[in-house]
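Below: one structure, written as structure tokens.
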Amino acid sequence: MKRNIESFRKGFIDGIPIALGYFAVSFTLGIRGGDVGLKWYQSALMSATNYTSAGQAAALSILEEGGSYIELIISTLIINLRYLLMSAALTIKLSPKENTGMRMLMGIGVTDEIFGISVAQKTPISPVYNIGAMSVACPGWVLGTALGGIMGEILPSVVTSSLSIALYAMFLAIIIPPARENKVVAVLVFLSALLSFLFTKLNFLSGISTGMKVIILTVTLSALAAFFFPIEEDNNLEEEVE
Amino acid sequence: MSDNYIYISILLMATVTYLIRVVPLLVLRKPIKNKFFRSFLYYAPYVTLAVLTFPSILYSTGSFASALAGTVVAVIASFFKLGLPITAAAGCVTALLFQLFL
């Protein structure tokens, strides 16, 4: 019990900077949700049940076009598939005795950031540490979205239309720094942007929805990159895992 | 957009996302070692985010000129690794100034 309280406390403290970052990103998701036509509480509900910036951004684009449920499911699956790898890396670091309830609870919050701090813990890692981090990071994500949605509803349109660029600017801040370090990522980002642009401009491709475009390009370009430029073990999540 | 459509969509995506996260925690006992799969998952987020960003970023604000200016500033800010909040704020302020004064 004492160990659990200590783990929770440590997770909570490590989760505070994550919560602040989440608040900023999810604020822009709230703004985007408003642009698409969601009420602030609907955007907040999406955040409270998902915790995935790219997945939610893609879902909002699909909703905007009135896309099908199948499209939404496949796009969510592909975009979030990397969490499978993270959970698989986490599960081997848990004590086999950890019960199902704890595992199901920590599963809610396997995000890039919480994965990052939890794999850095001593083995066997404690699910209570993750839950401590989630208990501050997750509210940050939901509150940011709610506030973004509310601001979008009350601020003058010249301000909200300017805020609408924020989500995409965040995405640039995520993809451009690694592209500086890694030539394959740089070419991949450039090709993705170019092809995405062509999809909207070329007549025979422009009928394809955003969700399908995300699915087609993510699968083909990532598969090609993985085939021709497989990453070394220590260049991936493994470095945090071992 | 109907409320039903929104709530069913949220339920579906939440279910998919949660299953991806929780199933390995409940059933897997070994790490995933497949090099192609790992590489695929390493590259995938960059493609998805780039596809979501372009060309949407250019139409995200009230006018093409303000969006283009915001994009250029955000690209520069991210190139110099100023971090997510500063990059986003720089893009927004640029777009706002363009819309207000040009």
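Quick one: among A:V25, A:V136, A:V158, which has the greatest mean-square fluctuation in a GNM of chain A with alpha-carbon springs under 10 angstrom? Per the Cα network of chain A with a 10 Å cutoff, A:V158 tops the list.
Rounded to 0.05, the FRET efficiency of the A:I5 and A:M104 pair, given R0 = 22 Å and the Cβ-Cβ distance, is 0.55.
So what's the gap between the Cα centers of region B:1-67 and region A:165-231, to the nearest angstrom? Using only Cα atoms to place each centre, the spacing works out to 13 Å. Net charge dipole, the protein assembly as shown: roughly 660 debye, given to the nearest 20, about the Cα centre with Cβ charges of +1 for Lys and Arg and -1 for Asp and Glu.
Per-residue shielding of B:61-69, expressed as the average number of other chain Cβ atoms within 10 Å of the residue Cβ, stands at 3.
B:I32 label point, 7 Å along Cα→Cβ, cut-off 13 Å on backbone N: hits in region A:179-214? Within reach of a label on B:I32, which here means backbone N under 13 Å from a point 7 Å along Cα→Cβ, region A:179-214 contributes nothing.
Taking the fewest neighbouring Cβ atoms within 10 Å as the starting point, the ordered list for A:I216, A:I18 is A:I216, A:I18. Taking packing as the residue-averaged number of other Cβ atoms within 10 angstrom, the listed peptides B:89-98, B:29-38 run from highest to lowest as B:89-98, B:29-38. Once the chain from A:L198 to A:D35 is taken as fully extended at 0.36 nm per residue, the excess over their C-alpha distance is 56.3 nm.
So what's the back-of-envelope 222 nm ellipticity for chain A, counting only DSSP H runs of four-plus at -39500 (n - 2.57) apiece and dividing by all residues, rounded to 500?
Working: 13 runs with 189 residues, N = 242.
The helix contribution divided over chain A gives -25500 deg cm²/dmol.
Report the gain in length on full extension from A:L205 to A:T123: 0.36 nm times residue separation, minus Cα-Cα distance, nm rounded to one decimal. Don't jump to the answer; show the numbers that get you there.
Details: separation 82, 0.36 × 82 = 29.52 nm, distance 4.98 nm.
Taking 0.36 nm per residue and subtracting the Cα distance, the gain is 24.5 nm.
In this rough spin-label picture, where each label sits 7 Å from Cα along the Cβ direction, the A:L155-B:F79 distance is 2.7 nm.
Every read-out reported here was derived from the displayed coordinates using simple, explicitly stated rules and does not represent laboratory data. Keep in mind that what you see is a predicted model, and the values were worked out from it rather than measured. Don't worry about glycine lacking a Cβ; one is built from the backbone with ideal geometry, like all the others, and counts go over all protein chains shown.
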